[in-house]
Amino acid sequence: MQSQIVKNAETYVLNLLKQGLKPAHGYHDLRHTLSVRDASQELGSRYRLNEEELEMLELAGLFHDTGFTKTYVGHEEVSKQFATEFLEKEGYPKAKIEQVARLIDVTKVGVEPEVLIEKIIKDSDFNTNGSTYEEKSAALRKEWEVFCEQKMTDDEWLENGLNFWENHRFYTGEAQALYGESKRKTVKSLRKKVDKIKPSVEMLDFAISKSKSAQMMFKTTLRNQIDLTNIADNKANIMLSINSLLITIGIPMLASNLKEHPSLVYPASVLLLTCILSIVFATLATRPVKMLGHTTMDAIEKGNSNLFFFGNFFLMEREDYIRSLMRVMEHEGTIDKSIVNDLYFLGRTLGHKYRRLRITYQIFMTGMVLTVVTFGMLYMLGKY
């Protein structure tokens with residue numbers, strides 16, 4: 001049965017949260033506060049705590065997130081202030097107020113509980129009652145985006161959740177009995193999702209660093225792609241040369257006969273358009289890719305960049321480049337990722353190059369055929 005101080009505190013906290021919380025507080029909302037309060041009472045009862053201890057647990061559960069009405073980061077300090085001011089007005093004993101404040105402080109991430117009552121409030125804050133993990137996770141992600149301006153991709157959020165729950169532990173046996181199975185299922189589900197999107201470093205280590213066959217395969221593939229790049233550039237240069245000659249020699253010859261044979265404007269136009277389009281796509285095929293000239297360790301570790309391609313570091317300071325490269329060299333997994341990235345991005349560049357080169361040759365072939373056909377039609381019509 002609730003004491004009068006708890007009833008007064010509940011009324012005060014409910015009004016405070018209803019008025020102070022924003023719609024974006026989807027996780028740390030009134031429902032979460034009440035679930036923590038209820039969980040603390042259930043765990044406390046299982047451990048046969050006395051009425052005073054249960055009362056302090058209930059007060060701490062009610063006040064522990066009131067600070068969110070004022071601030072997001074460091075809300076625990078504000079929560080303790082709300083609790084202290086309210087309890088002092090109610091004439092609550094000073095020693096008990098300090099204990100309630102300590103219980104609120106324990107809910108802070110990174111603070112380790114020492115005695116049983118602190119372990120209970122810590123475990124209560126991570127109870128698995130109410131909404132599903134997916135609903136809670138989506139609500140917390142929204143809060144981080146709105147209040148902390150911390151946005152993550154779906155893959156990053158999955159990894160973040162998995163890292164948290166794998167490192168989390170319940171401090172009491174009763175909490176483990178009540179919530180452990182739900183937590184185990186959550187970790188198992190997250191692990192399956194993460195494994196689908198991210199190959200482990202061990203797999204990369206075995207495939208490259210620990211396998212001479214894999215190393216030979218990667219070397220051969222990289223060399224072949226470089227050779228194919230040279231071949232593509234040579235083909236593009238051939239098209240540039242041929243079409244440039246046609247524009248500088250062929251078109252003027254046709255233009256000199258336009259007065260005598262005006263109908264030659266048609267094949268001349270087709271030939272000129274063919275040459276211009278061929279030159280454009282041949283130039284696109286040989287145009288260097290866009291390079292930022294700098295990169296970050298975060299981008300390297302995520303597999304979005306590497307320090308072995310000059311386009312990623314030519315604007316970096318020498319000291320920054322050496323420092324970053326040394327960090328990369330410390331981990332075989334990061335080196336392996338750089339090798340894979342080189343192969344992948346070189347392949348993508350090569351694919352774009354050959355696609356544009358194919359368009360170039362297609363335009364040239366079609367244009368030359370149309371030019372000859374136009375000449376033939378004019379000849380058959382007697383206009384040339």
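Values quoted throughout were computed directly from the atomic coordinates according to the rules given, and no laboratory measurement underlies them. None of the values given here were measured: they were computed from a predicted structure. For neighbour counting, all protein chains shown are included, and Cβ atoms are generated from backbone atoms with ideal geometry for every residue, glycine included.
Amide H contacts of residue 47: none lie under 5 Å away among residues 5 or more positions distant or on a separate chain (H built 1.01 Å from N in the peptide plane; Pro and chain starts excluded). Modelled spin labels at residue 88 and residue 361, positioned 7 Å past Cα toward Cβ, are 8.4 nm from each other. The modelled label-to-label distance for the pair residue 24/residue 78, using points 7 Å beyond Cα in the direction of Cβ, is 1.3 nm. Here the Gaussian network model covers the chain, with springs between Cα atoms less than 10 Å apart; of 35, 269, 79, 269 fluctuates the most.
Candidates 314, 264, 81 compared by Cα position along the dipole of the chain: farthest toward the positive end lies 264, with charges placed on Cβ. Taking 19 Å as the straight-line reach from the Cα of residue 259, the lysines in range (excluding those fewer than 8 positions away in the same chain) are 383. Between 0 and 90 degrees, the angle of helix 30-46 with respect to the longest Cα principal axis of the chain falls at about 50 degrees. If you run the Gaussian network model on the chain, springs between alpha carbon atoms under 10 Å, then out of 119, 193, 212 the most flexible one is 212.
Is the stretch 53-132 rounded, prolate or oblate when judged by the Cα gyration tensor, a ≥ b ≥ c being the square roots of its eigenvalues, rounded requiring a/c under 1.5 and prolate requiring a/b larger than b/c? Taking the square roots of the gyration eigenvalues as a ≥ b ≥ c, the stretch 53-132 is oblate. Taking the Cα-to-Cβ direction at residue 2 and at residue 31 and moving 7 Å from each Cα, how far apart do the two end points lie in nm? The answer from the label model is 2.0 nm. Consider the candidate values (1) 0.99; (2) 1.27; (3) 0.95; state which one is Rg/Rh (Cα atoms, Kirkwood Rh) computed from the structure displayed. Correct label, based on the coordinates given: (2). Can you give the angle from 0 to 90° between the axis of helix 173-197 and the longest principal axis of the chain, with both taken from C-alpha atoms, to the nearest 10? It is inclined by approximately 0 degrees. In degrees between 0 and 90, to the nearest 10, how far off the longest principal axis of the chain does helix 4-20 point, with axes built from Cα atoms? Roughly 20 degrees, rounded to the nearest 10.
Computed 3J(HN,Hα) for the stretch 119-135, one whole-Hz value per residue from the Karplus formula 6.51 cos²θ - 1.76 cosθ + 1.60 where θ = phi - 60°, is 5, 5, 5, 5, 5, 5, 5, 10, 5, 9, 6, x, 5, 6, 4, 4, 5, glycine and proline marked x. Straightening the chain between residue 217 and residue 292 buys 24.0 nm, computed as 0.36 nm per residue apart minus the Cα-Cα spacing.
Counted residue by residue at 0.36 nm each, then reduced by the alpha carbon distance between them, the extension gain from residue 14 to residue 182 reaches 57.6 nm. Once the Cα-Cα distance is subtracted from the 0.36 nm per residue extended length, the residue 70 to residue 50 segment shows a gain of 3.9 nm.
The trypsin sites (Lys or Arg not before Pro) of the stretch 1-86 that DSSP puts in a loop, and whose beta carbon has at most 15 other beta carbons within 10 Å, are 48, 70.
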